[in-house]
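Q: Next up is a structure, given as structure tokens.
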Amino acid sequence: MTASTATAWIAESDRDESVPKQPQVIRTPEDMHALSAQVRAGGKRIALVPTMGALHAGHLSLVDHARGKAEFLVVSIFVNPLQFDRDADLDAYPRTWEADYALCAEHGVDAIYAPTAPAMYPDGFATKVSVSGLGAGLCGAHRPGHFDGVTTVVAKLFGAVMPHLAVFGQKDYQQLKIVQRMAADLNMDIEVEGRPTLREADGLAMSSRNVHLSPAQREQALCLRRALDKAQELARAGERDVEKIKTAAARLVEGVPEARLEYLEVVDAENLAPLAKLEGPARMALAVWLGATRLIDNDDLN
Ligand code: AMP
């Protein structure tokens, strides 16, 4: 990236909104940093939506929200090897660059930050960003090193993009809370906003991993939403005993032939500590395997 490329963007910003813009593609942290420095020097607000690509309507809901909150919108697309605990999962992760680029163009994205793995993690890379406590339970208990991989890459994305605002999905609720903690603890001066989970019409949370489900598994995947519905129904009816809620919800997963329940927890919505009684704001979260595909979901329980 040269300074003239960034200047070119600023000059283009006044053009006809009905013509989709062609987002710039940035491949290295240095180029991203230079572009963001130019944008900031022009007094513009920067928003970032971090993703691993294979964009779907859930991602795009974050993009559309962020588009309304900043003059310069960056979507990052990086399948981060550090956060995968299984090589097979990393290899099988869907990669759909052309469709992603077209969607970013349609949704008014200014720049796609899609660094290569060697640019992100060159030889000698030795830093790990780790948030303790919040990452201990839920997904953290079952995916060793996963959240350290997430916080390390998000810290690097924040460092290169220098956003004023970063938008994350509540679909990955534990990740959202961990990133908010990191940004606050490290005085990053970035607003980290969480947005609601977008679902298919039948209630399945949208996920890049849903493409791996067979038609039978796709049907069985509804057990996650059904378990959440059951828990919400009991909580609304006045049940306060978390064990009873968990047992009733888990039954809806355990009755499904191919489903294997990895965890189902009810936690404090802020500090993610497991609860025995429903008192303040609470969140139920679960992870379910359907064959080789791991699905997660969560919702509030108030
Ligand atoms: P991913 O590409 O899966 O790493 O997700 C990138 C961002 O999109 C994360 O902040 C996710 O929480 C968010 N996201 C993923 N699925 C959904 C969804 N169904 N609704 C809203 N946000 C989502």
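Q: For the range 208-300, what are Rg and Dmax over the alpha carbons, in angstrom?
A: 13.3, 39
Q: In debye to the nearest 20, how big a dipole does the chain give about its Cα centre with +1 on each Lys and Arg Cβ and -1 on each Asp and Glu Cβ?
A: I would put it at about 320 debye.
Q: Sorted from fewest to most neighbouring beta carbons within 10 Å, what does the list CYS104, CYS139 look like?
A: Details: CYS104 28, CYS139 20.
Ascending number of Cβ neighbours within 10 Å: CYS139, CYS104.
Q: Continuing with this model, one more query. Expressed in nm², what is the orientationally averaged projection area of the convex hull enclosing the Cα positions of the range 91-163?
A: On the way: hull surface 27.6 nm².
That works out to 6.9 nm², a quarter of the Cα hull's surface.
Q: Give the order of ASP31, ASP148 when sorted by the count of other beta carbons within 10 angstrom, beginning with the fewest. Walk me through the numbers on the way to the answer.
A: On the way: ASP31 21, ASP148 18.
Result, fewest neighbours first: ASP148, ASP31.
Q: If you don't mind, another one. Grab the other residues whose beta carbon is less than 12 angstrom from that of LEU204, score K and R as +1, D and E as -1, and report the net.
A: Working: positive: LYS171, ARG199, ARG209, ARG218, ARG225, ARG226; negative: GLU200, ASP202, GLU219, ASP297.
Value of the local net charge: +2.
Q: Could you go through the range 51-63 in sequence order and give the Karplus-derived ³J(HN,Hα) for each residue, using 6.51 cos²θ - 1.76 cosθ + 1.60 with θ = phi - 60°, rounded to whole Hz, and x for Gly and Pro?
A: 9, 10, x, 6, 5, 10, 4, x, 4, 5, 5, 5, 4
Q: Right, here's the next one. Just report the Cα centroid separation between the range 101-121 and the range 279-293, whole Å.
A: Going from one Cα centre to the other spans 30 Å.
Q: Could you tell me which of SER36, VAL161, LEU176 has its Cα farthest along the dipole of the chain towards the positive end, charges placed at Cβ (Lys, Arg +1; Asp, Glu -1), taken about the Cα centre?
A: Toward the positive end, the furthest listed residue is LEU176.
Q: Next question. Find the relative contact order for the range 208-300 and round it to a whole percent, using C-alpha pairs within less than 8 Å whose residues are 6+ positions apart.
A: Numbers: 149 pairs, mean separation 27.2, N = 93.
Dividing the mean separation by the residue count of the range 208-300 yields 29 percent.
Q: Given contacts defined as C-alpha pairs under 8 Å and at least six residues apart, what's the relative contact order of the chain, whole-number percent?
A: Relative contact order for the chain comes out at 16 percent.
Q: Also, quick follow-up: Mind listing the long-range amide H neighbours of ASP297? Cut-off is under 5 Å, sequence gap 5 or more, other chains count too, H placed in the peptide plane at 1.01 Å from N.
A: Here LEU286 satisfy the definition.
Q: Under a 5 Å amide H to amide H cut-off, with H placed in plane at 1.01 Å, what residues pair with SER76 once short-range neighbours are removed?
A: Result for SER76 returns VAL49, THR51, TYR113.
Q: Right, next: Based solely on its DSSP helices, what 222 nm [θ] is calculated for the chain when runs of n ≥ 4 H residues each add -39,500 (n - 2.57) and the sum is averaged over all residues, nearest 500 deg cm²/dmol? Could the numbers behind the result be given before it?
A: Numbers: 12 runs with 122 residues, N = 302.
My calculation for the chain gives -12000 deg cm²/dmol from helical runs alone.
Q: Starting from 0 in steps of 10 Å, tell me what percent of the Cα-Cα pairs of the chain lands in each bin.
A: 6, 26, 33, 22, 10, 2, 0
Q: Just in the range 117-222: which chymotrypsin sites (Phe, Trp or Tyr not before Pro) are loop by DSSP and have at most 16 other Cβ atoms within 10 Å? Present the calculation step by step, with values, prior to reporting the outcome.
A: Working: sites: PHE125, PHE147, PHE158, PHE168, TYR173; in loops: PHE125.
Sparse-neighbourhood loop chymotrypsin sites (Phe, Trp or Tyr not before Pro): PHE125.
Q: While we're here: Given H placed 1.01 Å from N in the peptide plane, which residues other than close sequence neighbours of GLY169 have an amide H under 5 Å from its amide H?
A: Placed amide hydrogens put ARG195 under 5 Å from GLY169.
Q: Just tell me which lysines come within less than 24 Å, Cα to Cα, of LYS44; anything on the same chain fewer than 8 places away is out.
A: Within the straight-line cut-off, LYS44 pairs with LYS21, LYS69, LYS156.
Q: Just want the ordering: TYR121, TYR113, TYR263, from fewest to most Cβ atoms lying within 10 Å of their own Cβ.
A: On the way: TYR121 18, TYR113 25, TYR263 15.
Listing TYR121, TYR113, TYR263 from fewest to most nearby Cβ atoms yields TYR263, TYR121, TYR113.
Q: Just to check I understand the Karplus step: with θ = phi - 60° and J = 6.51 cos²θ - 1.76 cosθ + 1.60, what whole-Hz values come out for the range 232-245, glycine and proline as x?
A: Going residue by residue, I get 5, 5, 5, 4, 5, 7, x, 5, 10, 7, 5, 4, 5, 5 Hz, with x marking Gly and Pro.
Q: Apply the Karplus parameterisation 6.51 cos²θ - 1.76 cosθ + 1.60, with θ equal to phi minus 60°, to every residue of the range 247-254 and state each ³J(HN,Hα) to the nearest whole Hz, in sequence, with x for glycine and proline.
A: Using θ = phi - 60°, the values come out as 4, 5, 5, 4, 4, 6, 8, 5 Hz.
Read the figures in this text as sums done on the coordinates, not as results from a lab. Nothing here was measured: the structure is a model prediction, and the numbers come from that model. Reconstructed Cβ throughout: ideal geometry from the backbone, glycine too, with neighbour counts over all protein chains shown.
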